[in-house]
Amino acid sequence: MSAVITESRQSFGLSDEHREILEQVDRFAQSELFAHQERMDDEEWWPPDAFPKLGASGYLGVTAPTELGGAELDFFASGLVLQAVARWNPSISLGILAHENLCLNNILHNAGEELRQRYLPGMCDGSLVGCLCLTEPGAGSDALGGMATTARRDGDDYVLDGTKIFITNGPMADVALVYAKTAPELGAKGISAFVVETATPGFQVAQKLVKMGMRGTQTAEIVLDGCRVPAANLVGSENEGVKVVMSGLDLERIGLSFMILGMAERALELAVDYARSRKQFGRAIGEFQLVQGMLADIYTEVEVLRSFCYDVGREVSAIEHGAARSRVHKRSAALVLQAGLMIMRVADNALQIHGGAGYIWEMEVNRLYRAGKLLQIGAGTNEIRRVIIARELLGA
Ligand SMILES: Cc1cc2nc3c(=O)[nH]c(=O)nc-3n(C[C@H](O)[C@H](O)[C@H](O)COP(=O)(O)OP(=O)(O)OC[C@H]3O[C@@H](n4cnc5c(N)ncnc54)[C@H](O)[C@@H]3O)c2cc1C
């Protein structure tokens, strides 16, 4: 690990347990996941053994109880896993986020014992991959109000119809947490959440989407066409899906910010290494003050994010799931807003330091730059993040 990252990670009062997790996952990600980065980006390929390996190493189901196969650690620890993996392979970190934060955690916190027993052990050992199906072609920022997917009760089943878009892990998932309207006349108050096995007839991957960055992460359009799901797969109560969505989104935003921190750490490393090794005018470019200014800006941005991210991570770890929602809602939106703005500035400076080499597709810094833009869009766009913060500030 480069000295600059080692030094920064030491100064944030991590407990011995948290420091050990960060270092352990970092070593694992560097030795097992880093080498896949280039092929994943070139071929939009996902390594099939990634989830089983992560599961076998204890890095999935981080907050789930041990009797369900989890590691029974706090939320902060799950953030550190995302941070460490993202440093060496952002696409895999995004895949973990969708599996862990968006699907597994929502089942863990909102589903009954039977669903938890049925799905969590496989999701913790990586034999089952999860995804979350909320967004639709006509319902992005207005995911709840614009939702057109319906779930109609029919005997002991619900029948789901609709289209979901931009679903991370969609092409390869075994288990999907799907939101649908059970009472369309109630608008956002008529939404329910279901665990749907993707092998169920009527659950179709309509297309795999080609992305500008995070290309290894598999992203799909999903069509639900008369997809019959047992009523027992309802998560929580009927028409109470909004609660599930909202509590999950706050945690997703914090998890995403840990991930962004790992990517920013890597951008800093790459920028420092290049500034030391690249020579122009007979000197390392790092000797030029304009290059030094960019390096200093990157370092400062990374440290500011680390501070904010660890602070919000600690806060949410210390409170009961769903408690103090208003404060966490505002702070998680502010954190991810700051993280998304920061990663594009950092990636831009890091690429600039690489000059023409940075503009070349296969360069790692180029992948970071392309990946970064998603982090201003997913988990609520920058604009929606601002709307949430302002609404909470104004009590609107
Ligand atoms: C790679 C990728 C992975 C994703 N993974 C998942 C996933 O796993 N599961 C899932 O359910 N979803 C996923 N999403 C969807 C993501 O959450 C949405 O793309 C996002 O919420 C924005 O919705 P939209 O793309 O429809 O944009 P739109 O809502 O159409 O927004 C378009 C523009 O209008 C702005 N805008 C909209 N409303 C307002 C407003 N009220 N005030 C100000 N500006 C506004 C937006 O900020 C944006 O700039 C993913 C998206 C991507 C790109």
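The values are calculated or read from the model by the stated rules, or taken from the named source; none is laboratory data. Keep in mind that this is a model prediction, so the values were computed, not measured. All Cβ positions, even for glycine, are placed from backbone atoms using ideal geometry, and neighbour counts span all protein chains on display. Surface accessibility is based on the protein's heavy atoms, side chains included, excluding ligands, DNA and RNA. Shrake-Rupley method; radii C 1.70, N 1.55, O 1.52, S 1.80 Å.
Roughly how tilted is helix 75-88, in degrees to the nearest 10 and between 0 and 90, from the longest Cα axis of the chain?
Its long axis makes an angle of about 50 degrees.
With a 1.4 Å probe and all protein chains left in place, how much of the accessible area of the chain comes from carbon and sulfur atoms, in whole percent?
Values: 8390 of 15790 Å².
Of all accessible area on the chain, carbon and sulfur atoms account for 53 percent.
Report the charge-dipole magnitude of the range 320-396 in Debye, nearest 20, computed about the Cα centre from +1 at each Lys and Arg Cβ and -1 at each Asp and Glu Cβ. Don't skip to the end; give the middle numbers.
Numbers: 11 positive and 6 negative charges, 69 e Å.
The dipole of the range 320-396 has a size of about 340 debye.
Angle between the Cα long axis of helix 241-277 and the longest principal axis of the chain, 0 to 90 degrees, nearest 10?
So the helix axis and the longest Cα principal axis differ by about 20 degrees.
In 5 Å bins starting at 0, how do the alpha-carbon pair distances of the range 131-239 split up by percent?
3, 14, 24, 25, 19, 10, 4, 2, 0
Taking only Cα atoms, what is the 0 to 90° angle, nearest 10, from helix 289-318's long axis to the longest principal axis of the chain?
30
Just the number please: accessible area per residue for the chain, 1.4 Å probe, all protein chains included, in Å².
Values: 15790 Å² over 396 residues.
In whole numbers, the chain has 40 Å² accessible per residue.
Using the crude model of +1 on Lys and Arg Cβ and -1 on Asp and Glu Cβ, and no other charge, please compute the dipole size for the range 242-394 relative to its Cα centre, in debye to 20.
On the way: 20 positive and 17 negative charges, 59 e Å.
Dipole size: approximately 280 debye.
Pick out, from Ser192, Phe166, Met212, the residue whose Cα sits farthest towards the positive end of the charge dipole of the range 131-239, with +1 on the Cβ of Lys and Arg and -1 on the Cβ of Asp and Glu.
Met212
Using a simple charge model, +1 on the beta-carbon of Lys and Arg, -1 on the beta-carbon of Asp and Glu, nothing else, what dipole does the chain show about its Cα centre, in debye to the nearest 20?
Dipole of the chain, to the nearest 20 debye: 1060 debye.
Please give the net charge around Leu54, taking every other residue with its beta carbon less than 12 angstrom from that of Leu54, where Lys and Arg add +1 and Asp and Glu add -1.
-3
Summing Lys, Arg as +1 and Asp, Glu as -1, what charge do residues with Cβ under 14 Å from the Cβ of Leu394 carry, Leu394 excluded? Don't jump to the answer; show the numbers that get you there.
Working: positive: Lys330, Arg386, Arg391; negative: Glu392.
Spelling it out: positives minus negatives among the neighbours equals +2.
Pick from Tyr359, Tyr299, Tyr310: which is most flexible by mean-square fluctuation in a GNM of the chain where alpha carbon atoms under 10 Å apart are linked?
Maximum fluctuation in the GNM of the chain, among the listed residues, is at Tyr359.
Shape of the range 185-304 from its Cα gyration tensor (a ≥ b ≥ c, root eigenvalues): rounded if a/c is under 1.5, otherwise prolate when a/b > b/c, or oblate? Kindly include the intermediate steps, with their values, before the conclusion.
Working: a/c = 4.79, a/b = 2.53, b/c = 1.89.
Judged from the Cα gyration tensor, the range 185-304 comes out prolate (a/c at least 1.5, a/b above b/c).
Positive end of the charge dipole of the chain (Lys, Arg +1 and Asp, Glu -1 on Cβ, about the Cα centre): tell me which of Gly58, Val291, Val244 has its Cα farthest that way.
Val291
Compute the Rg/Rh shape ratio of the chain: radius of gyration over Kirkwood radius, all on alpha-carbon atoms. If you can, show how the numbers build up before the last one.
Details: Rg = 20.9 Å, Rh = 21.4 Å.
The Rg/Rh ratio comes out at 0.98.
Quick one: compute the contact order of the range 3-129, relative version, from alpha carbon pairs under 8 angstrom and 6+ residues apart, as a percent. Mind dumping the intermediate values first?
Working: 138 pairs, mean separation 38.1, N = 127.
Over the range 3-129, the number comes to 30 percent.
Which pairs break 32 Å Cα to Cα here: Lys208/Lys243; Lys181/Lys330; Lys189/Lys330; Lys211/Lys279; Lys53/Lys279?
On the way: Lys208/Lys243 30 Å; Lys181/Lys330 27 Å; Lys189/Lys330 22 Å; Lys211/Lys279 34 Å; Lys53/Lys279 41 Å.
Result: Lys211/Lys279; Lys53/Lys279 exceed 32 Å.
Would you work out which of Pro137, Val25, Leu224 lies farthest towards the positive end of the dipole of the chain? Charges go on Cβ: Lys and Arg +1, Asp and Glu -1.
Pro137
Given 37 °C and 0.692 mPa s, compute D for the range 242-394 with the Stokes-Einstein relation, Rh being the Kirkwood radius over Cα pairs; round to the nearest whole µm²/s.
On the way: Rh = 16.4 Å.
Reported coefficient: 200 µm²/s.
Could you tell me which chymotrypsin sites (Phe, Trp or Tyr not before Pro) in the range 131-181 are loop residues by DSSP with no more than 12 other beta carbons within 10 angstrom of their beta carbon?
Working: sites: Tyr158, Phe166, Tyr179; in loops: none.
Listed in order of number, the matching sites amount to none.
Hey, in the GNM for the chain with a 10 angstrom Cα cutoff, which one of Leu234, Leu341, Leu80 fluctuates hardest?
Highest fluctuation among the options: Leu341.
Select from the range 294-396 those GluC sites (Glu not before Pro) which occupy a DSSP coil region and have at most 14 other Cβ atoms within 10 Å, ordered by residue number.
The qualifying sites are Glu320, Glu362.
Which whole-Hz couplings ³J(HN,Hα) result when phi for each residue of the range 176-193 is put into the Karplus expression 6.51 cos²θ - 1.76 cosθ + 1.60, θ = phi - 60°, listed in order with x for Gly and Pro?
My calculation for the range 176-193 gives 10, 8, 10, 9, 8, 8, 8, 9, x, 5, 8, x, 5, 7, x, 9, 10, 10 Hz in order.
If I take all pairs of Cα atoms in the range 5-103, what percentage of them are more than 24 Å from each other? Can you show the working numbers first?
Working: 1009 of 4851 pairs.
Counting every Cα pair in the range 5-103, those more than 24 Å apart make up 21 percent.
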